[in-house]
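K.L.:
Before anything else, here's the structure in question.
Taken together, the values in this text are just the output of simple stated rules run on the coordinates, not laboratory data. Everything numeric here is computed off the predicted structure, so don't read it as measured data. Positions of Cβ are generated from backbone atoms using ideal geometry, with glycine treated the same way; all protein chains shown enter the neighbour counts.
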């Protein structure tokens, strides 16, 4: 068996180590000892983007905000559901994650980042949400869920106040899609209190099987 190689290290804003590992072409990103993602387990991230962008291909100048670049799978799946004149803003807090994706030798998200529809913002998705732009969909994949935070300050994203801020950044009929490693009925309740009609879907980490994740989908009424 080939050894696991530590390819690079970084630090989250609250001082937790973030590391990129490779073993025989499989890359993983870990925050401390916890694995956040792998390039062998990405079906649920792709499903999240597909659900969030459903119906947007024919919408003129559709706009999507993705919180968290990860390994580029969410971004790539979103681009596949959008028209040629769409715009996708990706907010990534940690510069090293952007750098890892831009490195073509790693085979992660370099191709998706090169798409002319993509704008990468090095910063907090909360700041983008405060910027006054309106989006057709907001996709949050920055943590392992509302209770599994990679950065402690992300807690504000999942409060009723934070979710209300997301709702204000969405166009009428817009969608909020949130990836979670586990089910979280309390979070679904907060989404409802923020004005969303909520649906919950389970998705496999692999298209052919593996463990389950939870996808939270919130829709705003057209009359908003």
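K.L.:
Wrap a convex hull around the Cα atoms of segment 1-130, take a quarter of its surface area, and give that in square nanometres.
P.N.:
8.3 nm²
K.L.:
Pick from 34, 118, 97: which is most flexible by mean-square fluctuation in a GNM of the chain where alpha carbon atoms under 10 Å apart are linked?
P.N.:
Result: 34 has the largest fluctuation of those listed.
K.L.:
In percent, what relative contact order does segment 1-114 have, based on Cα pairs under 8 Å that are 6 or more apart in sequence?
P.N.:
19 percent
K.L.:
Return the distance in nm (one decimal) between the two label points of a simple spin-label model at residue 198 and residue 21, each offset 7 Å from Cα along Cα→Cβ.
P.N.:
Output for this residue pair reads 3.3 nm.
K.L.:
Let me ask another. Multiply the residue gap between residue 103 and residue 127 by 0.36 nm, knock off their C-alpha separation, and tell me the result in nm, one decimal place.
P.N.:
6.0 nm
K.L.:
If you scale each eigenvalue of the Cα gyration tensor by 5 and take the root, what three semi-axes come out for the chain, rounded to whole angstrom and sorted largest first?
P.N.:
27, 19, 17
K.L.:
Another question, then. Is it possible to state the helix-based mean residue ellipticity at 222 nm for the chain, with each DSSP H run of 4+ residues giving -39500 (n - 2.57), the sum divided by total residues, to the nearest 500 deg cm²/dmol? What is it?
P.N.:
One gets -6500 deg cm²/dmol as the mean residue ellipticity at 222 nm.
K.L.:
Would you work out the relative contact order for segment 41-219, in percent, from Cα pairs under 8 angstrom that are 6 or more residues apart?
P.N.:
23 percent
K.L.:
What residue among 85, 24, 115 shows peak mean-square fluctuation when the chain is described by a Gaussian network model with Cα springs under 10 Å?
P.N.:
Between 85, 24, 115, it is 24 that shows the largest mean-square fluctuation.
K.L.:
How many angstrom lie between the Cα centre of segment 60-101 and the Cα centre of segment 156-224?
P.N.:
18 Å
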